[in-house]
Structures are given as structure tokens and as C-alpha cells.
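The values are calculated or read from the model by the stated rules, or taken from the named source; none is laboratory data. Computed from a predicted structure; not experimentally measured. Glycine also receives a Cβ, built like all others from the backbone with ideal geometry; neighbour counts cover every protein chain displayed. Keep in mind that these areas ignore ligands, DNA and RNA; they rest on the heavy atoms of the full protein, side chains included. Shrake-Rupley method; radii C 1.70, N 1.55, O 1.52, S 1.80 Å.
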Amino acid sequence: MTTHRPEGLSDVFMEPTEAPPAAPPTLPTLGLVGWLRWAWRQLTSMRVALLLLMLLAVAAVPGTVWPQRAQDTAKVATYISDHPTTGPWLDRLGFFDVYSSVWFSAIYLLLFVSLVGCILPRTKVHLAGVRGRPPRAPRRFTRFPAQGSGDLDVPASQAAEHSAAVLRGGWRWLPFVPTYRVDTRDEGGGTWSVSAERGYLRETGNLVFHLALVGLLISVATGQVLHYRGQAIVVQGRGFANAQVDYDTFEQGTGFSPSRLVPFTLRLDEFESRFDPETLQSRDFTAHVTLTNPGEEPVAETIKVNHPLEAGGAKVYLQGNGYAPDITVHDAAGEVAFSGPTPFLPQDEVYTSRGVLKVPDVSGDQEQIGIVGYLLPTAQEVGEDLYRSIDPQPTDPLLVLSVWSGNLGLDTGVPQNVYQLDEARMTQAVDEDGTTVTLYVRPGETVDLPDGLGTLTFNGLPRYVALDLRHDPALPFVLVFALLAFAGLATSLFAPRRRLWLRFAPGGTEDSGRTVVTAAGLARGDDVGLQPELDRVLAATLAPTDDGPPAAPRGPTSGESAP
Amino acid sequence: MTTGDLSTLLVWGAATAFTIALIAFSADLARIAERSQRRVPELATAGAGAGRSARPATAVSGSEEQSAPGRSVRAEGIARSTTMLGLVMLFAGIVLRGIAAGRWPTANMYEFTIVGVFVAVLVLTVVQRRRIIAFVGVLVMGMAVLALVLALNAFFIQADQVQPALQSYWLIIHVGVAITATGIFTVAFAASVLQVLKSYREEAAADAPAVTVGATGQPVPAAAATRADRFRRVVSGRRFGWLEQVPGSRELEAMSFRLNAIAFVLWTLTLIGGAIWAEHAWGRYWGWDPKEVGTFVAWVVYAAYLHARTTRGWSGRRAAYFVFVGYAVVLANFTVVNLVVTGKHSYSGV
Ligand code: HEM
């Protein structure tokens, strides 16, 4: 079903960008320029835009089907090793980096080129339309979606003037803002016509919307170039200095230099957490920190989920939290081989946390020590030497550890995960009867390590927070363009764009003074209010004026939907 | 009984009321079908004429409504009152749920579903305030009852407070707007289904001469039957006689478009609001999280729908297919992404 298009109106009401039917027979003689022009017209046609939009929708889906490197590198690695035949191929085709893949980028870039090619000419036409006069009344009214007619006992010119005044009248609730731009024309032979147009805002909104999308894309891209983002774990009582070395992970756009990091410092003073007593689900996390900007006094601040802290042009987000047991290890010679808090990673709702201690700096030529185990914030004995945590709060903390000795492999040159023990060159301590040794340590306790390796002291249980720091100078632009797009969209979809024409022709004999009125209306898109509006204007035009008697509207439609 | 239990009871009550409404709408539809079977020939041409009118804005007028016979006034009355009753109960259930949880009740799948059903049925009553379109009633009510029962049995979790990431006024704006948009998309989808059926029937009526009477006196199809032909034949049959009471396909398409346009604007707001919230809660405004991808894909499909409507040869029935795809994405984004895919939107609580 195609939309009906009355004759004589090839402007923005129609489809300015629809490629005119190309002439295939002449194609071979087009030449390079001709071909380029032809390709450009295709690209900026609505049909191709439609195709590209659907392609974009389809191309976005694989990113939820396959794991993505940008979100989870480890998952991608697992997938590839689990699927030795398809994995590498999918990888080569970009299925693990969908949103930065060549094909995804090609689709959206083509779409935006098409959009610009489509929107710039429209802008020009629209600007001309805003400055120009409403289009003159078409010769025949019969094929328009809204029509009406009537007659009255006033000369045509006078009736036209009155009608123009009706159309120029403002809104009921905004009487000084005219609804319609109106133009009155003498068509000769005593016939007058009135053209009226409203809703330039609709097209404006549409153009603003599309251009804002371009602005949005550019802002996002600029942000990618100028941003940095890093993660840092900060233990209670300790500080963090905003320099690249203090981050656990750090990633930056090509346009950002780490030397531009503002050297503020941040200290975690206290961390508060609240959990639902029954379901043990988290209810509140608050990090109390002291922020010291360069050359300023320290200030106390808080960071919560949903309430990041702004510091040095970056936003600091609270992304995670946990316990960092403070442990001291004395080696066999009685020397301190390791001391300090070690962050353990929570594994579940009750903060059963897993951690690794690597003790390479033992004195003499003793074996290096690796300690692996769990922290239970509130330990409950559920069987002989079998514990589990029943509460995320540290009411009765217990460390459950196993001990390894040998070579930690730190000097192999392969970077190691600090939360993983490389057991390749290590052996686990066992009893005389061959069962593995497990240490149970409570705060303040010191236990002997097996095999005479030394001792371990559990000094205390400070908390830590995992912070995300992010700097993106394009954020305000992204927001402004997004909101502009939204405003433009709402305007373009809900502001009616209408054209009304009324023609006043002398009726009956030459000087009878009777005038026959015909009217037609056209709207952009789908507009149920068009006919009622035409009826209203027609009724007001035919209404009694000071100059003449009342006249009744007639015609096929005016009776049906007049208010 | 606790406030939370009372809320659940009210939602069950609403599901029951909607079931009765569904039955009443179906009875109405059956009655219309039955009546129109006796009047097929003459109505078929009349309907086609209205649908093909060159003046869409006035294609259906008030007089046509009075002349529409066969509808069951009793059934429509029951449908109307049980729908209202269900709406009131559902609203009370939602409010009590919020009170029981001590927060805005849109934090998990259960709450999302019951509020979404509320919006869809509310839009249905607004759309039908002057004139009952039994088919849309059956479709939306059927989906509403299904969704409510699913919510009560599969998605239900106790009313409770929420984790820190959800403690934000964006829970109201972002999720509230998303639910509203989903509810409106639902009714628009129903209108589009009807539009496609109706347009096939209109075509069949207009193409009637395509079946000629052969020398033997038997009807002979003029051309080989394509799938569209077969479909046309099915909907032009007696079982679809009730389609005569339905507004013309143009009017349905216009109704679907108006609803989709409103929902699309709200969906855009959902997208932007979600990005702003993600910036606060997760430290980035966009990260191609599965839920973000789903929302984006649905948005792009509906944008394509809007473009299709203005493209020659792509309006009408073809545009309706975009609505089907778009709505399928919206539903998948809610169900599959919440229940199957892991992502940051793990708020379903199921
Ligand atoms: C990123 C790609 C695009 C998106 C997301 C997009 C989105 C939209 C949306 C949501 C609308 C609805 C607003 C309205 O109907 O007034 C719209 C309208 C429109 N778009 Fe696009 N668009 C895109 C690209 C294009 C391209 C490439 C063209 C030209 C080939 C185009 C031409 C139009 C036109 C002419 C309308 C007005 C339709 C009408 O008469 O209502 N758009 N666009």
C-alpha cells in the first residue's frame, strides 16, 4: 500500500532523497564521475538507509552470543581453547570484538555517511522553505486527503482576507503566536486563494535529531581518544596516588598522555557495609576517604555506588570491596619474609574470599613459600575441620590455608596473576600420613608453617575497596547531543506539519456576490487531526462576519468530523 | 496477612478478572464471526471499499460503527467492567508491593512484568474507550493473562529492598519509562497483527475477479497460488468473517504507528536514561552489555520501521513486519537476556 501523493508538490513533504529511477541503458556511458554520482545517490537513498539500519541491528547481535574481549578476555580465551576449530576462525572474523570489528564499523560508518548525505540537502531545502512563502494552491483539490467546501455571500477577495485572518489567529492558549504562515494570492478572474502552512518545527526537529546523532558519534569517538581508565585496589589505612604506577590496570586513548594525570592522593579511612540480616544481600556500601588535591588541604569525602567522587578531572567509582588479611610470615631463620595486607577476592554472598600469598624473599637459600586459601568472615564449623562462612560481616574471621614450597616461578619472565599460584615447580606440604596440611588461623594467632618453613601471624583484617577511575572529557557533549536527539525526535514525531489551501471563486452570475469556497489539506506523515482542522478553519471562514450573513458549510466531509 | 501477601493476592485477582475479560472478548469475537458468516458476500465488498479509500483520515466514520452488527453488547459490557476491575486490583497490588518493599516497585522481573501488564491494559482501555475492537482485546488480554501467570509463578520473589546499584532515582525514570514503552509496544503489535490480517482480506475481496468461472462451471484460479494467495484465501474465509467488523487496514496501521511512535520516543528515553544511570553506577555510559545491545537492536529496528513507512513500496504491510521484528526483539530483550545471558542487568532475582 503506497501513500497517496497529490501532484505538484515535490518538496520536503515528499521524499527528496529517494533516488530517481536510474536509467540502466545509459549506465555503460556514465564514466567514473557518473558512477560515483550514481553510487552516492544509491547510498543516500532511503532504501539503502533502511538496509543499513537492519544490517546494523543484525550485526549487533553476535556480541551477545559470543564472549567479548572488551568485557571478559578470560572468557574469550576459554572459548577459543574449548572450540579449537571454530574458535580461531571466529576470532579472525572479529566475533570476539564485534563492536570494533571491520564489518560492524563499516556498517555504521556507511550509515552515517548516508545520513549526512541525506540530511544536508534536506537542511538546505528546509531553510529555503522557512524563508519562502507557503506553496501556492494546487489547481485541483480532488485528490487531497482532507477536503471541504461551502459558499457564502461575500466577494471572494473579502472572504479570502477573512479566511487568512482566521488562519493567522494564534493558539487558543498562546494567542500571540500564530499557528499558520499564510499567503493570499489573486489568481485572476476574481478568484482568490489562501495558502497556509504550519509545523516547520517538525522538519526542524527531524533535522536536529539526525544531526545530533552525528554529533553523538563524533563525541563518543573523541572521548575514546582522550579518555583514560584505570583500576586500583586501596586497603584501609593506605593511600593511593594518582600515577600510572599505582594502578593495577590502566588503559588510555591515543590522545591521552599519562603525564597529564593530576597527582591527587586518596586514602581509605573506613569502609562501611550493610547487609540484609535475613537474605544477606548487600544494602549499602560507603567508602570514607580523604582526598588531597595537589597544593590543597586534605578533605574528607565519601564514595558510594551510584555516587562517584570527582577528583582531578576523573570520576572515582566504588566497584568492589573485600577483606585484605594482614599477615606476617617469618621464615625458618626467624626473619620477616612477608608482612602486610593481601586482598582476598570474595567468591560469594557471604564473602568467602580466596587469596594467595607469595613469599619469595626468604633468607639464605631456603625454598620459596606459597600460601593459598580462604578467608571466612564469620566461620561456622559444620563438621570436623570443615568450616563455612555464614555472614559477610567479620564477626568471627578464620583463615583456612594450605602451604606450598619450592620455586614460585616469578623470575621466568612470564607475567603472573597475583591471585593465582603457579604450582608447576612447587610441592604442597603434607602430614606424615600423606594428607595435606591445612592451617586454621584466627586474628592475633601465630601458627607454625609445616616442614619447619617458619611461622605465620594473622595480625588483623582491614578492608579494601576496588576503585575505578575514569576520565572522559567528551561526556558533557555526549549528554547534550543525546538530549538534543531526544528533543528533536519528540518534536518531529508529534508536531503536526500541515498545509491548508482555500480557494474562493465567484459563484453564480458575475455580480451575485456569492462565493464558492473549496478547501484542501495535506499533512506530513500520518495525521488524524488534519480533517478536523480543515473543518474548523472552513467553519470559521464561513461564519458570519460583520460584512455578510452566515453561510452553511456543505460538502462530503465537513459534517462527519466537525467538532 | 502481610502487605506483600495482600499485594500478591490482588495480582492474582487481577489475573482472574483479566481471564474473564479475555473470555468475554472471545465471546464477542465469536459472535461477530458467527453473524458475519451469514453476511460475508455483501460485507466483503463494503469492507474493501472502505479500506481502499483514498482518504485515510476519514476512512471509518461514526455511521459505520452503528451499522456494525453482530457484536454482543453483553459480552462487551462484561469485558469492559472486568478489565476495569482487573486494572484497579492490579494498581492496588502494585502500590502495596511498593509499600511492602519500601521502594519504587520496578526493581525485578516480577515487578517489571506486572507493571508492564498494567500499562498495556491501560493503553488498551484508552484505545478502546469509544469502540471495542474485540480482536485487539483478545490478543492483549491473552498476553496480559499469560504474562501475569508467568510472573506469579516463575518470576515471583518476595518484596524486599534492593542492592546498592539499584538505589537511585533512575530506577523510577529508566525502568518506569522502559515498562511504559513495552506496554505500548504490546498494543501496537496487536494492532499491526490485525492490520496484516485485514489488509489480506481487503485484497482478497478486491481481487475477487481473479477467480473466474471455467467452462465447466467450476471456479478456476487465474494464476498459480503463491503463499500470499493462500494466505489471502484463508483470511477471506468464513472463519475470519469477524474481520469485517474491524477498522480498515489503513486505520489500523495509523493506530499502530501512533502507538509505536509514542513508544519509540519513550524507548529512546530508556536508552538515554540507561546510559546516564550506567555512567553513575557502573562507571561507563555504554559497554555493550547484553541488555544494552538488546535495547539498541530494538531501537534500530523501530527506527527502520519509521523509515520504512516513509519509503515508497515499504509502507503498509511491509512496515508491519518491522513491528513484528521489533516487538520480538523487545520481548527477547526482556526474557532471554534476563534469564539466559549473563550480564550486568542481573536484577531479575529469579
Ligand atoms: C544512524 C542512522 C539513522 C537513525 C538512527 C535514524 C533515525 C530516525 C528516526 C528515529 C526517525 C523518526 C523521526 C521522524 O519520523 O520524524 C527518522 C526519520 C527520518 N530519517 Fe532517519 N535515521 C538514520 C539515518 C537516516 C538516513 C541515512 C536517512 C536518509 C537516507 C534518513 C532520513 C530520514 C527521514 C527522511 C526521516 C523523516 C521521515 C518522516 O517523514 O517522518 N535517516 N530517522
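Things to note:
- Alpha carbon convex hull of the range B:103-195, volume per residue in cubic angstrom: 94
- Spin-label model distance (nm) - A:Glu272 vs A:Phe112, 7 Å beyond Cα toward Cβ: 4.5
- Close amide H partners of A:Asp396, meaning residues 5 or more places away or on another chain with modelled amide H under 5 Å apart, are A:Thr378, A:Ala379.
- Chain A - charge dipole about Cα centre, Lys and Arg +1 at Cβ, Asp and Glu -1, debye rounded to 20: 4760
- Its residue count N fixes a reference of 2.2 N^0.38 Å for the range A:276-387, and the Cα radius of gyration divided by that reference is 1.46.
- Loop-located chymotrypsin sites (Phe, Trp or Tyr not before Pro) in the range B:106-208 whose Cβ has at most 13 other Cβ within 10 Å (DSSP): B:Tyr169
- MRE, 222 nm, helices only [DSSP H, n ≥ 4, -39500 (n - 2.57), over chain A, to nearest 500]: -9000 deg cm²/dmol
- Legend: residue pairs A:Lys304/B:Lys291; A:Lys124/B:Lys198; A:Lys75/A:Lys315; B:Lys198/B:Lys291; A:Lys75/A:Lys304, Cα-Cα distance threshold 32 Å; pairs beyond threshold, A:Lys124/B:Lys198; B:Lys198/B:Lys291.
- Close amide H pairs (under 5 Å, H built 1.01 Å from N) link A:Val430 with A:Val437, residues at least 5 positions away or on another chain.
- Nearest-ten-degree value, helix A:73-82 long axis tilted from longest Cα axis of chain A: 80
- Angle in degrees between helix A:200-226 and the longest Cα principal axis of chain A, rounded to the nearest 10: 20
- Estimated dipole of the range A:363-493 in Debye, rounded to 20 [Cβ of Lys and Arg +1, of Asp and Glu -1, Cα centre]: 1000
- Separation between Cα centres of the range A:316-379 and the range B:89-136, rounded to whole Å: 52
- Residue-wise HN-Hα coupling along the range A:468-474, computed from phi with Karplus coefficients 6.51, -1.76, 1.60 (Hz; x: Gly, Pro): 10, 10, 9, 10, 8, x, 8
- For A:Gly507, nonlocal amide neighbours, meaning residues 5 or more places apart or on other chains whose placed amide H falls under 5 Å from its own, are A:Arg514, A:Thr515, A:Val516.
- Relative contact order computed over the range B:250-338 (Cα-Cα under 8 Å; 6+ residues apart), in percent: 28
- Computed over protein heavy atoms with a 1.4 angstrom probe, the accessible surface ordering of A:Thr179, B:Thr106, largest first, is A:Thr179, B:Thr106.
- Site pair A:Val33 and A:Ala128 shows an inter-label distance of 2.1 nm when each label is modelled 7 Å from Cα along Cα→Cβ.
- Efficiency of FRET between B:Val95 and A:Ala165 - r from beta-carbon atoms, R0 51 angstrom, step 0.05: 0.50
- P(r), alpha carbons of the range A:205-320 - 10 Å bins starting at zero, rounded %: 12, 34, 27, 17, 9, 1
- Take every Cα pair under 8 Å whose residues are at least 6 apart in sequence, average their separation, divide by the length of chain A, and the relative contact order is 18 percent.
- Cα-projected label distance for A:Thr86 with A:Thr142, points at 7 Å along beta-carbon direction, nm: 6.3
- Kirkwood hydrodynamic radius computed over chain A comes to 31.3 Å, based on all pairs of distinct alpha carbons.
- Farthest positive-ward along the range A:123-281 dipole, Cα basis, beta-carbon charges - from A:Pro155, A:Phe264, A:Ala128: A:Pro155
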